[in-house]
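Data first, discussion second: the structure below is written as structure tokens.
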Amino acid sequence: MGAMARMPVVLMPEEALSQQLTAEGRTLFLADMGGKPVEQMPWPERSALVMGNEGAGPSEHWKTVTDQVVSIRRAKGRQTESLNVAMAGGILMQAWHIA
């Protein structure tokens, strides 16, 4: 069975979620193209990673409440504008896991 059956899923407004995560003492990381390269990012144990919409990117709310903005650098000479959100999330979570 996939991870979806083993992971808690909660639906709530983003304002309530950001307040809850902050109250839990989590550092909020936002994935966005203009952020600090993932390999230079410190990943505190109590963190939360926010991924935006593939087309529109992260909401203005998340841009104002997150502590750090993290990005995945492009390979030299490559013109790719963005990655699929699932692919980017996997890369970022792996970096967080091994940090």
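Using 0.36 nm times the number of residues separating Ala5 and Asp67, minus their current alpha carbon distance, what extension gain do you get? Provide the component values of the computation, followed by the final result.
Values: separation 62, 0.36 × 62 = 22.32 nm, distance 3.00 nm.
Here the answer is 19.3 nm.
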Using θ = phi - 60° and Karplus 6.51 cos²θ - 1.76 cosθ + 1.60, couplings along the range 66-77 (whole Hz; Gly, Pro as x): 7, 7, 9, 10, 10, 9, 10, 5, 7, 5, 4, x
Crossing angle, helix 14-23 versus the chain [Cα axis fit, 0-90 degrees, rounded to tens]: 80 degrees
Distance between modelled label sites at Arg78 and Ala99, nm, 7 Å Cα→Cβ extension: 2.0 nm
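Which percent, nearest 5, of DSSP beta bridges in the chain are antiparallel?
DSSP beta bridges in the chain are roughly 10 percent antiparallel.
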Over the chain, relative contact order from alpha-carbon pairs under 8 Å, at least 6 apart, %: 32 percent
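From the helices alone, meaning DSSP H stretches of at least four residues, give me the mean residue ellipticity at 222 nm for the chain, per-run term -39500 (n - 2.57), in deg cm²/dmol to the nearest 500. Walk me through the intermediate numbers first.
On the way: 3 runs with 30 residues, N = 99.
After summing the helix terms and dividing by the residues of the chain, the value is -9000 deg cm²/dmol.
Throughout, read-outs are computed from the coordinates displayed, never taken from laboratory work. For clarity, every value in this text was computed on a predicted model and none was experimentally measured. Quick reminder, even Gly has a Cβ in these numbers, built from the backbone with ideal geometry, and neighbours come from all protein chains shown.
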